[in-house]
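Some notes on the structure that comes next.
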Amino acid sequence: MLGMMAQQRPVMLVPQNHERTTQEAAAFLNISRPFVIKEVEAARLKCHKVGRHRRIELTERRRYQGARRLESEKACRSWPTCRKTSTWATDGPARRGTRALAALH
């Protein structure tokens, strides 16, 4: 942290148990609030309730963000092998958009 400050980079201190609403969590994760609610209901994103309102801690938001990043990177790494073995864009009768998609491969 001191190194970042020495380089005059911005630093923000936030308590580990800092709680946010689902709307604020959605903004942090760059996803919609309804999607946050779906992820909470599917138990992929943990929260607790304060009255009727859901609150999500910073540590949980960071954990979820890291898990999504890993999932995305894994999908990106597997794409070239899927592209080599898949012929879905050129099989069967031509459908709208498949020719343009096949041209990209």
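Those residues that are of a type in the set (G, A, S) and open to solvent by less than 60 Å² (accessible area, probe 1.4 Å), I need them from the range 1-31; list them, please.
Going residue by residue through the range 1-31, those that are of a type in the set (G, A, S) are 3, 6, 25-27.
Answer for the range 1-31, where residues must be of a type in the set (G, A, S) and open to solvent by less than 60 Å² (accessible area, probe 1.4 Å): G3, A25, A26.
Taking the stated definitions as given, is C82 at pLDDT below 90 and hydrophobic (A, V, I, L, M, F, W, C)? Can you show your working first?
On the way: at pLDDT below 90: yes; hydrophobic (A, V, I, L, M, F, W, C): yes.
So C82 passes the test.
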**Request:** Looking for whichever is of a type in the set (D, E, K, R), in contact with a strand residue (DSSP E or B) (Cβ under 6 Å, 6 or more places away or on another chain) and either surrounded by 10 or more Cβ atoms within 10 Å (Cβ to Cβ) or in a strand (DSSP E or B) (or both) here; the options are R68, R44, R55, R62. Which one fits?
**Result:** R55
**Asked** In this structure, is A102 modelled with pLDDT under 65, in a loop (DSSP other than H, G, I, E, B) and either open to solvent by 60 Å² or more (accessible area, probe 1.4 Å) or of a type outside the set (K, R) (or both)?
**Response** no
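The values are calculated or read from the model by the stated rules, or taken from the named source; none is laboratory data. From a predicted model like this one, the values you see are computed outputs, not experimental measurements. Neighbour counts are summed over all protein chains in view; Cβ atoms, including those assigned to glycine, are modelled from backbone coordinates with ideal geometry. We work out accessible area using only protein heavy atoms, side chains counted, and drop any ligands, DNA or RNA first. Shrake-Rupley method; radii C 1.70, N 1.55, O 1.52, S 1.80 Å.
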